[in-house]
Amino acid sequence: MPVSAPDTRFRTWRNALALMGLGLLVACGPKVAHPVGEPFDPYEERNRKVHERSKKIDKTIIRPVAIAYSETMPDDIEILVGRFSDNLSLPQSVVNNTLRGNMKGATEDLYRFVVNSTIGLGGFFDPATELNMPASSEADFGMVLHAWGVPQGAYLELPILGPSTERDAAGRIVDLFTDPLSYVLASPESYIPTAASVSSRISDRGRYAETVDSILYDSADSYAQARSIYLQNRAFELGGGSSDAYLDPYDSPYEDPYDE
């Protein structure tokens, strides 16, 4: 007997919740003491190996493709694709904001999505910004876990994807299953958000090649540089944009320093 669409969606959501539970367990790994004022990086040796492999892939494949893409594609088209990708990410931000209890952010993201999807012709244009509507919150499930009191855990270097933490890595897994558009759109249209996101990221790698290269290839210790930038930026995001988020971000991995 063929499986109906509702049954398939229910099974997918059930799997997502199971992965969520697994992510919580990963993020709440064993408590290991570390010096105050230093990053909690017990996997540094392994992380550095992953970092070096990712750099090789970037140098031989991703960087050349991204630069060629950016040089070939007209700037106006790159901007339109970036806007389109950003707009398609808004429904998931609405879900994540709702889950973390940020209804103001959920409402603002929803209004922005409606305006840009209609007046903005699917998000290729950005009338929401012209109307002075708040920018996208870019909420992810890592932020949800933070709001739920899950500690950030150890620093991780993910293959290709780069810097993360145990909590944010768990959030990435759950985010694979919580995009409303993947359940609303039929195949193959359901792959459009992913394709747009990949295209936008390649475009960004090409457009900001000089900045990225300065970190990966010009710094004395690209691993430590990338780690520091990621953790400080994440602290800023989780602190709601407050400069206080930069104060002693490594105080304790189990007493989250980024609480608002």
> Restricting attention to region 63-85, which residues are within 28 Å of D221 (Cα to Cα) and in contact with a helix residue (DSSP H, G or I) (Cβ under 6 Å, 6 or more places away or on another chain)?
Replying inline: A66, I67, S70
>> So, in region 105-122, how many residues would count as being assigned to a helix (DSSP H, G or I) and in contact with a helix residue (DSSP H, G or I) (Cβ under 8 Å, 6 or more places away or on another chain)?
In response: 11
> Looking at E38, is it of a type in the set (D, E), open to solvent by 50 Å² or more (accessible area, probe 1.4 Å) and in a loop (DSSP other than H, G, I, E, B)?
Replying inline: yes
>> Could you check region 139-160 and list, in sequence order, the residues that are in contact (Cβ under 8 Å) with a residue 60 or more places away in the chain and either polar (S, T, N, Q) or not in a helix (DSSP H, G or I) (or both)?
In response: G149, V150, P151, Q152, G153, A154, Y155, L156, E157, L158, P159, I160
> Listed residues V50, V150; which is within 20 Å of the chain's Cα centre (by Cα), modelled with pLDDT under 95 and of a type in the set (V, I, T)?
Replying inline: V150
> Can you tell me which residues in region 161-205 are part of a helix (DSSP H, G or I) and without any contact (Cβ under 8 Å) to a residue 24 or more places away in the chain?
Replying inline: S182, V184, E189, S190, Y191, T194, A195, V198, R201
>> Anything in region 200-213 that is of a type in the set (S, T, N, Q) and under 15 Å from the mean Cα position of the chain (by Cα)? List them, or say none.
In response: S200
>> For region 228-252, give me each residue that is over 14 Å from A139 (Cα atoms), modelled with pLDDT of 90 or more and buried (at least 20 other Cβ atoms within 10 Å of the Cβ).
In response: L231
>> Looking at D140, D175, can you tell me which residue is open to solvent by 10 Å² or more (accessible area, probe 1.4 Å) and in contact with a Ser or Thr (Cβ under 9 Å, 6 or more places away or on another chain)?
In response: D140
> In region 86-132, which residues are buried (at least 19 other Cβ atoms within 10 Å of the Cβ), more than 19 Å from F177 (Cβ to Cβ), of a type in the set (G, A, S) and touching a residue at least 40 places away in the same chain (Cβ under 8 Å)?
Replying inline: G123
> Taking S228, is it among the small types (G, A, S) and out of contact with any Pro (no Cβ under 8 Å at 6 or more places or on another chain)?
Replying inline: no
> Where residues in region 70-93 are assigned to a helix (DSSP H, G or I) and of a type in the set (S, T, N, Q), which of them is nearest to R207 (Cα to Cα)?
Replying inline: S70
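The values are calculated or read from the model by the stated rules, or taken from the named source; none is laboratory data. Note that this is a predicted model, so its numbers are computed, not measured. Methodologically, a virtual Cβ is constructed for each residue, glycine included, from the backbone with ideal geometry; neighbour enumeration extends over all protein chains shown. Calculation scope for accessible area: heavy atoms of the full protein, side chains included, ligands and nucleic acids excluded. Shrake-Rupley method; radii C 1.70, N 1.55, O 1.52, S 1.80 Å.
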